[in-house]
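Here's the structure we're looking at; comments come further down.
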Amino acid sequence: MSSIPKVEFCTFVELEKEILNPFERLIHIRSINKNLGDGKYFWYDMGNGIAVLIRNFTPNQDITLIEQSGGVAGATFIFNLGEPLNYTFEDKEFKLRTNDFFLELISDKYYAQNHLKKGKNYTTFMIAIKKELFLKLGSPIENIKSYMNEAYIKMRTHIYNGNIDLEQFEILNTLNSSCFDEDLLKNLYLESKSMNLLHYTVEKIAKVLNNDFINYDKNRLSSLERAKDIIMKEYSSNLSIKDIAYKSATNECYLKKDFKQYFKMTILDMLQKRRLEVAKELLKDDFNINEVALKVGYKHSGYFSKLFTDYFKITPSEYKKQFTAY
C-alpha cells in the first residue's frame, strides 16, 4: 500500500496572475498543480495587515498538505463551506466540519498538516490578520494577549470553533472569486464585506468567551443562537416571543432576559432590524412599497414606511428612486 504524499503549499499551487493595485493592495490568483488536482486559490493582501483567501479545489489523489505561517504571527479565521477539513498539529488533531468556522492564533513558527481526500471538494474563506493589528481588533475578547502568548509557546492556540450562523452565511454568500480583480471598486466591496464579517465574528466570539456568559451552559447558549436563527429565517411570519421560545426549546422569561444580555437588543428590536434590512434590499428590485411591506411581515404599508424612515433616515419611496431607471 502506497503512503500518502506530503506536499508543500508552494508545490501544491502555481501562480497564475499577480495584480498590484494602488496602496499596496496585492492579489495573487493561483491554480492547483494539475498533477495534484483542480481548482483555485484567490489571495488578497489589503496592505493594512489584513488579507483574505478564498480556496476552492478538488484533489485528484489523497494528499497531506503542509501549511506554515511563513514567519508571520497573527490570527486566522477559517470558514469551511466544503468538505470537512482534518488537521494534525504538533499537540493534537482537529476536524473543522462543514459549515463551521474557527479562530486560531498562530506564532511565526506555525506548522500544520491538512489531510485531503481524493475527489472531495474543499471550499473555505479565510481572514488572516497580523499579530499587532489583531491584538487591537481582538480587544473585545478578554485575555487576548494571554491567548497570543500561549500561541507562541505552542506554535498555535485554538480559541474558538462553532457553527456559521445565518448572518455570517449571508455575508459569505456575497463573496466570490469575481471580487479578486483589477477593478478597485470590486476590491473595496471585498474589503467592506470582509470587515463586516470580521467585526461580527469577533463580537460573536467575545460574547461566548468573556465572563458575562461563563455560567451559561451550552444548551442555554444554543437556545439563544437558535432564537436568532428563527428571527433571521422566519422574519416575515407573525412571530411572537412565545413562538420563538417554543421553537428554540427554552422558557419565554429566560429567553427575553438572556436574549437582551447576549445580543444587546430585545427580540422585537432584532426582528424589526431584520425586516427593515431585508426590505432595503427588496426595494432595489422591481417591487413596490406595498409588496415589500407584505414580504417582510408588515400588513400596513404606512406603518412600514414610518419604521423604515425612522431607522434609515430616508423614506422608502425616496430610497427606491435611487435605483429607478429613467
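Assessment of region 9-26 against the conditions (under 21 Å from the mean Cα position of the chain (by Cα) and either free of Cβ contacts under 8 Å to residues at least 12 places away in the same chain or crowded, with 16+ Cβ neighbours inside 10 Å (or both)) yields no matching residue.
Scanning region 214-225 for residues that are part of a helix (DSSP H, G or I), crowded, with 17+ Cβ neighbours inside 10 Å and either modelled with pLDDT of 90 or more or not charged (D, E, K, R) (or both) returns Ser223, Leu224.
One line per residue, one yes/no per condition, for (1) over 21 Å from the mean Cα position of the chain (by Cα); (2) not aromatic (Phe, Trp, Tyr):
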site: Glu150; (1), (2): yes, yes
site: Ile164; (1), (2): no, yes
site: Glu170; (1), (2): no, yes
site: Thr174; (1), (2): no, yes
site: Tyr189; (1), (2): no, no
site: Leu224; (1), (2): no, yes
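The listed residues are Ile63, Ile50, and the only one of them that is touching a His at 6+ places or on another chain (Cβ under 9 Å) and surrounded by 19 or more Cβ atoms within 10 Å (Cβ to Cβ) turns out to be Ile63.
Look at Leu276 and say whether it is under 26 Å from Lys320 (Cα atoms) and more than 21 Å from the chain's Cα centre (by Cα). The answer is yes for Leu276. Being out of contact with any helix residue (DSSP H, G or I) (no Cβ under 7 Å at 6 or more places or on another chain), surrounded by 14 or more Cβ atoms within 10 Å (Cβ to Cβ), within 19 Å of Tyr41 (Cβ to Cβ) and charged (D, E, K, R): is that true of Lys130 here? So Lys130 does not fit the description; no.
Counting only residues that are free of Cβ contacts under 8 Å to residues at least 24 places away in the same chain, assigned to a strand (DSSP E or B) and of a type in the set (D, E, K, R), region 27-55 holds 3 of them.
Taking region 170-196 as the range and being among the hydrophobic types (A, V, I, L, M, F, W, C) and either modelled with pLDDT under 90 or outside any helix (DSSP H, G or I) (or both) as the test, the residues that pass are Leu175, Cys179, Phe180, Leu184, Leu185, Leu188. Out of all the residues in region 260-283, is one or more at pLDDT below 90 and surrounded by 15 or more Cβ atoms within 10 Å (Cβ to Cβ)? Looking through region 260-283, at least one residue is at pLDDT below 90 and surrounded by 15 or more Cβ atoms within 10 Å (Cβ to Cβ).
The values are calculated or read from the model by the stated rules, or taken from the named source; none is laboratory data. Note that the coordinates shown come from a computational prediction; the quantities given were computed from them, not determined experimentally. When we count neighbours, we look across all protein chains shown, and the Cβ atoms used for this are built from the backbone with ideal geometry, even at glycine.
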